[in-house]
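Beneath this line is the structure, given in structure tokens, with notes to follow.
Values quoted throughout were computed directly from the atomic coordinates according to the rules given, and no laboratory measurement underlies them. The structure presented is a predicted model; accordingly, all values stated were derived computationally and were not measured. Note: ideal-geometry Cβ built from the backbone for every residue, glycine included; neighbour counts use all protein chains shown.
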Amino acid sequence: MGRWAQQHIRSRGSSLSGSILIPLLHAVFFIAAATQTALVPLLPRISHDYALAPSATGLLLAAPGLATLAVSMPAGLVADRLGARRVTIAATALMCLAALAQAAPSYPALLAGRLAFGFAFGILWTTGVTWMSRSHEESGSPRLGAVATSAAVGMVAGPAIGGAIADQFGLGAPFLFVGLLAALLTIALQRQTAPRPTAGATPGRDSLRNFARVAPRQPAMVSAALALAVAGAVGGVAQLLVPLQLHHAGFSAGGTGLAFSAAAGLYIGVSAVVLRMGRRATTVRSTALGALGLALSLLPAVFGLGPVGLVGVLLLSTAPRALVSTVSYPLATEAAAGAELGDGIAIGVLNGTWAVGLVLAPLIAGAIDQLAGPRPAYLTAVVPGVLVALWLLLSAHAAGGSRRRGELAAASA
């Protein structure tokens with residue numbers, strides 16, 4: 001076989017591997033999101049079986065976020081220095097083991113599995129997104145926001161499938177199913193090669209000290225990080241309180257799962273529209289407006305709602321959450337590329353701020369629910385979310401005014 005033929009075969013094989021890589025990574029994000037939300041309709045039964053207080057139930061929701069918070073930034077540094085491929089594969093294998101632990105009929109094993117899943121989740125959403133970012137043709141490509149759509153599909157499948165399987169085969173069955181899928185994905189990713197550096201990508205100065213010095217001066221990165229913190233807080237509080245209230249209203253695990261899946265189905269549609277808009281939607285102002293709408297979406301629940309109203313709150317929060325999640329990653333990675341910062345650590349910071357909201361809000365809301373009931377507990381996400389969003393809007397307005405004055409000064413010079 002001639003040299004040209006050998007090179008052609010290698011090139012064709014590399015191209016085939018690259019064409020499969022992106023769908024595989026989207027599948028990983030799907031499984032991760034499905035595993036995260038599969039627990040939601042099971043929480044009332046778990047709480048009853050193990051006689052858990054609301055705060056202990058909230059810990060099950062917060063545990064993955066706590067682990068994600070701890071691991072996201074270190075994973076970003078590792079991805080920038082050593083490459084995202086090997087760490088992503090290891091994290092997918094860890095997700096498989098964590099799912100098996102969650103299937104065990106034991107609260108300590110379930111909690112340990114949730115923590116292990118959080119480590120895997122934080123690594124995957126940092127190194128996996130970094131691997132995908134480096135596989136695109138341009139830095140900060142709006143197509144990177146499609147990870148939110150993949151996660152939304154998992155959010156749809158997680159509660160619906162988790163609730164239905166648990167009703168038929170027991171609480172551990174959904175996690176056994178997820179573990180099998182994660183094992184197959186681990187094997188498939190092992191066969192993929194690391195992508196070549198893409199045109200327009202910057203190697204990034206991955207010093208944590210340098211990032212801490214430069215990133216706060218990047219409005220796009222700050223907006224994306226804080227908006228995702230609001231998204232984590234709103235999502236965590238809704239996932240804790242709404243299933244418990246629906247359970248008290250007579251909903252089964254399957255019925256609660258369908259309610260969350262209906263909201264996530266709307267999320268997919270909104271995310272697809274945002275992706276189609278491309279860079280027109282990927283702005284600091286749209287991110288800030290999305291954060292404000294997201295924080296206000298839980299406000300009706302503070303005044304007391306029946307089950308139909310609670311499902312309405314889920315739907316109301318869907319559009320702004322989809323907007324924030326879809327635009328944040330391309331917004332931040334484009335800013336990182338412009339500042340010659342590593343995209344891995346930028347994505348790690350986004351995941352870390354999201355995890356802060358996901359960790360703190362359910363824990364505080366669970367404690368307030370235990371003391372005063374669910375209605376004031378929703379304020380855990382509403383009040384700080386509104387304050388953060390208003391600050392982002394004022395900052396975006398001030399930055400826009402400064403930019404326009406600079407353009408006028410340059411034009412008159």
Can you give the Kirkwood hydrodynamic radius of segment 47-120 from its Cα pairs, in Å with one decimal?
13.2
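For segment 258-299, rounded, prolate or oblate, judged on the Cα gyration tensor with a ≥ b ≥ c (square roots of eigenvalues), a/c < 1.5 rounded, else prolate if a/b > b/c?
oblate
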Evaluate the distance, in nm, between pseudo-label points positioned 7 Å from the Cα of Arg279 and of Ser106 along their respective Cα→Cβ axes.
5.5
Cβ density ranking, 10 Å radius, fewest first, applied to Tyr267, Tyr378 yields Tyr378, Tyr267
Please give, to one decimal in nm, the separation of the simple spin-label points placed at Ala90 and Arg375, each 7 Å out from Cα toward the Cβ.
5.1
Output wanted: per-residue J couplings in Hz (rounded whole) for segment 227-235, from phi through Karplus 6.51 cos²θ - 1.76 cosθ + 1.60, θ = phi - 60°, x for Gly and Pro.
5, 5, 4, 4, 4, x, 5, 5, x
